[in-house]
Amino acid sequence: MFGIWGHPDAARMTYYGLHSLQHRGQEGAGIVVTDGERLKGIKGDGLVNDVFDEKKLDSLKGNGAIGHVRYTGKSGIENIQPLLFHSSSGSLALSHSGNLINANDLKHQLEMQGSIFQTNTDTEVLAHLIKRSGYLATKDKVKNALSMVKGAYALIMMTENELIIAQDPNGLRPLSIGKVGDAYCVASETCAYDLIGAEYIRDVEPGELIIINDDGIHEERFSLSGSNAMCTMEYVYFSRPDSDIRGINIHTARKKLGKQLAIEANIEGDVVTGVPDSSISSAIGFAETAGIPYELGLIKNRYVGRTFIKPTQELREQGVKMKLSPVRRVVEGKRVIMVDDSIVRGTTSRRIVRMLKEAGATEVHVCISSPPMTNPCFYGIDVSTHEELIASNHSVEEIREIIGADSLTFLSVEGMMKVIGKDDLGKNCGQCMACFTGEYPTEIFPDTPLPYEKEMK
């Protein structure tokens, strides 16, 4: 997500911001702008470049804008964010990162009270709650709505005359504030600020509500902060290496994970290679600690998206075939230590191991810079059932046999927390480790929607 207020070319700045965040989703993109009198939006399927051209950007006039890239979910252009709603009392646009775990229950209640839903997203529940609130001020309507929802939500909302930013009480999804000139901006990752020349100011705190309008920035709370629980997979996989989250640089965090993994694995090999792109930093850290040369044993086709976040298993498997190629002269006749960030379903790992061996590797030792993922995520990551998770149904040795590796090592939970549990100043950051430990930071409702379960089946 990206938003900006107080810039004469807000739509174009949002376009650039979304480009920096393209790694977070390639299924759809949208931008909504305000000119102070009305909201106008354009959205469509595909990459940011596929959706927007000069003509479309020129048509989006205004000094405030919010944008969103979608990584998976319900099909249909109506489900692409930002969601835009018009009413006699004013318009509202919403961008949401995360997943509301009590959305099904709330949606049922709202429908019983007469609400008609236009999308299949949990985000629309928020819009109905906001519009049905009896409060007069928009910020009070938002506070009232947020008091009823549970789960993970980093939110950027916009009316005709203000941006409204909110972070769930546990801070499960990243969100920060920056400034470019006199304009304030907000983004899911700090890497978006570099492209537009913005200065990072700070992270949005858990339970915080921020209003940005022509009078400046106004900060208050809608909830007491819970236990800080930033998603650990942001550090492991999702975020770009040049982003900082909660005072921790992603490249540095991944490099430390690789170093710790090398200590725990204690494996001999001839070369270390990382699976592009999210595992490169960990592989470099592993190689430095193990004293084994790091080499580019795998090359990525830059025109293929991320296989983990493709919406169907068939597309993921096809994506792996197109995505990576082994460098035969690097791996041939070598004992290869392949460092990857995670094993979710096992499909990618199995194909990569096979490719490396077909390219002449005598041994392939797989080292994973995170613990076994044994539990589903209810907070917005596309891992929805125990059946999909190979580590939930098989031992480490069984996984090793399935993927065809000569050895398989996962980083321990203790090792992970040792290296990324604190920021550069030694402050305890707090992470959600539920997918590794089964300890969820929020209550899980009986009707908690398993994200995208229909598509996955």
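The values are calculated or read from the model by the stated rules, or taken from the named source; none is laboratory data. Note that the coordinates shown come from a computational prediction; the quantities given were computed from them, not determined experimentally. Note that we place each Cβ from the backbone using ideal geometry, even for glycine, and neighbour counts take in every protein chain shown. Please note that ligands, DNA and RNA were not included when accessible areas were found on the heavy atoms of the full protein model with its side chains. Shrake-Rupley method; radii C 1.70, N 1.55, O 1.52, S 1.80 Å.
Which of the residues belonging to the range 354-369 are in a helix (DSSP H, G or I) and either aromatic (Phe, Trp, Tyr) or surrounded by 24 or more Cβ atoms within 10 Å (Cβ to Cβ) (or both)?
Leu356 - this is the single residue of the range 354-369 that is in a helix (DSSP H, G or I) and either aromatic (Phe, Trp, Tyr) or surrounded by 24 or more Cβ atoms within 10 Å (Cβ to Cβ) (or both).
Table: residues versus (1) modelled with pLDDT under 95; (2) touching a Cys at 6+ places or on another chain (Cβ under 6 Å); (3) open to solvent by less than 50 Å² (accessible area, probe 1.4 Å).
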residue: Phe2; (1), (2), (3): no, no, yes
residue: Gly6; (1), (2), (3): no, no, yes
residue: His19; (1), (2), (3): no, no, no
residue: Gly44; (1), (2), (3): no, no, yes
residue: Ser59; (1), (2), (3): no, no, yes
residue: Glu78; (1), (2), (3): yes, no, no
residue: Ser89; (1), (2), (3): yes, no, no
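Just one of the listed residues (Ile165, Ile211, Ile156, Ile217) is in contact (Cβ under 8 Å) with a residue 12 or more places away in the chain, in contact with a Lys or Arg (Cβ under 7 Å, 6 or more places away or on another chain) and on the phi < 0 side of the Ramachandran plot, namely Ile211.
Any residue that is of a type in the set (A, V, I, L, M), over 20 Å from the mean Cα position of the chain (by Cα) and part of a helix (DSSP H, G or I) - is there at least one of those in the range 381-392? Yes: the range 381-392 contains one or more residues that are of a type in the set (A, V, I, L, M), over 20 Å from the mean Cα position of the chain (by Cα) and part of a helix (DSSP H, G or I). Scanning the range 404-457 for residues that are at pLDDT below 70, open to solvent by 20 Å² or more (accessible area, probe 1.4 Å), under 21 Å from the mean Cα position of the chain (by Cα) and under 19 Å from Gly98 (Cα atoms) returns Pro449, Leu450, Tyr452, Glu453, Lys454, Glu455, Met456. In summary, Ala283 fulfils each of the numbered conditions (1) touching an Asp or Glu at 6+ places or on another chain (Cβ under 9 Å); (2) open to solvent by less than 10 Å² (accessible area, probe 1.4 Å); (3) more than 25 Å from Leu21 (Cβ to Cβ) with the single exception of condition (3). A count restricted to the range 36-72 and to residues that are farther than 14 Å from Asp9 by Cα and of a type in the set (Ser, Thr, Tyr) stands at 2. Tell me, yes or no, whether the range 126-149 has at least one residue that is under 21 Å from the mean Cα position of the chain (by Cα) and closer than 17 Å to Ser91 by Cα. Yes. Checking Pro372, Pro376 one by one, the residue that is modelled with pLDDT of 95 or more, in a loop (DSSP other than H, G, I, E, B) and closer than 15 Å to Cys435 by Cβ is Pro372 and no other. When residues in the range 209-244 are screened for being among the charged types (D, E, K, R) and over 16 Å from Lys256 (Cα atoms), 5 of them pass. Restricting Arg173, Arg246, Arg240 to those that are open to solvent by 60 Å² or more (accessible area, probe 1.4 Å), of a type in the set (Lys, Arg) and touching a Cys at 6+ places or on another chain (Cβ under 7 Å) reduces the list to Arg240.
Figure legend. Inter-residue proximity from the range 5-17: first residues farther than 16 Å from Met158 by Cα and small (Gly, Ala, Ser), second residues part of a helix (DSSP H, G or I) and open to solvent by 30 Å² or more (accessible area, probe 1.4 Å), beta-carbon distance below 8 Å, spacing 6+ or different chains. Indicated pairs: Gly17/Leu195.
What residue, among those in the range 393-403 that are part of a helix (DSSP H, G or I) and free of Cβ contacts under 8 Å to residues at least 24 places away in the same chain, is most open to solvent (accessible area, probe 1.4 Å)?
Glu401
Considering the range 95-127 alone, what residues qualify as being of a type in the set (S, T, N, Q) and either assigned to a strand (DSSP E or B) or open to solvent by 30 Å² or more (accessible area, probe 1.4 Å) (or both)? Matches in the range 95-127: Ser95, Ser97, Asn99, Asn104, Gln109, Gln113, Gln118, Asn120.
Considering only residues in the range 202-229 that are more than 18 Å from Ile66 (Cβ to Cβ) and open to solvent by 70 Å² or more (accessible area, probe 1.4 Å), the one that is nearest to the chain's Cα centre (by Cα) turns out to be Glu205.
A single member of Glu27, Glu54, Glu37 is open to solvent by 50 Å² or more (accessible area, probe 1.4 Å) and at pLDDT below 95, and it is Glu27. Of the strands (runs of 3 or more DSSP E) lying entirely inside the range 1-94, those containing at least 3 residues that are of a type outside the set (Phe, Trp, Tyr) span 28-34, 39-45, 64-70. Would you confirm, using the coordinates I've provided, whether Asn161 is open to solvent by less than 50 Å² (accessible area, probe 1.4 Å), more than 19 Å from the chain's Cα centre (by Cα) and not hydroxyl-bearing (Ser, Thr, Tyr)? No, not satisfied. Checking Leu136 against (1) open to solvent by 40 Å² or more (accessible area, probe 1.4 Å); (2) outside any loop (DSSP other than H, G, I, E, B), which single condition isn't satisfied? All conditions pass for Leu136, except number (2). Within the range 301-345, restricting attention to residues that are of a type in the set (D, E, K, R) and at pLDDT 90 or above, the residue that is nearest to the chain's Cα centre (by Cα) is Asp341.
In summary, Val69 fulfils each of the numbered conditions (1) farther than 27 Å from Asp214 by Cβ; (2) touching a helix residue (DSSP H, G or I) at 6+ places or on another chain (Cβ under 6 Å); (3) surrounded by fewer than 24 Cβ atoms within 10 Å (Cβ to Cβ) with the single exception of condition (3).
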